[in-house]
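Presented below is the structure to which this report refers.
What follows is calculated from the coordinates using simple rules that are stated; it is not laboratory data. Just so we're clear, the structure is a prediction, and the values are computed from it rather than from any experiment. Note that each Cβ is placed from the backbone with ideal geometry, even for glycine, and that neighbours are counted across all protein chains shown.
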Amino acid sequence: MTRFDRWAHRVASASGAWRSRSALEETAFSQVRADPAVLAAWIERSGEPPLAYPAETPLPTVLLRTLQLAELGRCEVATTPIERRGARIEALLVALDHDGLRTTLALARTP
């Protein structure tokens, strides 16, 4: 999560360099695209619609709970089902918020 968060900050800070939103999303989510545990991801910037992986996946509207974790620091978490390839999968949402940018990952929950 922290690696993705740092990468998202670097990409978002250079967002003016991208010719299209799809190119920006492709680059922003390159760190998580191949990870089978990541069901979806979002990057929220003030004043702009969220970037999403997979593209146009809506950000879940669930009540998040604030936690302080040794590895992540302050984060917000929740569980919610995520639609992925026609299936509903129970996911753990983890959100980090700082410097005007919010990154959220939906991770597949393991039993």
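Observations, loosely collected:
- GNM top mover of Leu67, Leu96, Leu39 - the chain, alpha-carbon springs below 10 Å: Leu67
- Amide H to amide H distances under 5 Å link Ile82 with Ile89, Glu90, Ala91, where only residues 5 or more positions off or on other chains count and H is placed in the peptide plane.
- Residues whose placed amide H lies under 5 Å from that of Leu107, excluding near-sequence neighbours: Leu39, Leu92, Leu93, Val94
- Of Ala37, Ala52, Ala87, the one that fluctuates the most in a GNM where the chain has Cα springs shorter than 10 Å: Ala87
- Rounded if a/c under 1.5, otherwise prolate or oblate - the chain, Cα gyration tensor axes: oblate
- Rounded to whole numbers, the Karplus 3J(HN,Hα) couplings from phi for the range 50-65 are x, 7, 9, 10, x, 3, 6, 6, x, 6, x, 9, 10, 6, 9, 10 Hz, using 6.51 cos²θ - 1.76 cosθ + 1.60 with θ = phi - 60°, and x at Gly and Pro.
- Of the residues Glu26, Glu71, Glu44, the one that moves most in a GNM of the chain with alpha-carbon contacts below 10 Å is Glu71.
- Separation of the Ser46 and Ser13 label points, Cα + 7 Å toward Cβ, nm: 1.7 nm
- Estimated FRET transfer efficiency when R0 is 35 angstrom, pair Ala23-His98 (beta carbons, to 0.05): 0.90
- Here the extension length gained between Thr2 and Thr66 equals 21.4 nm, from 0.36 nm per residue of separation less the Cα-Cα distance.
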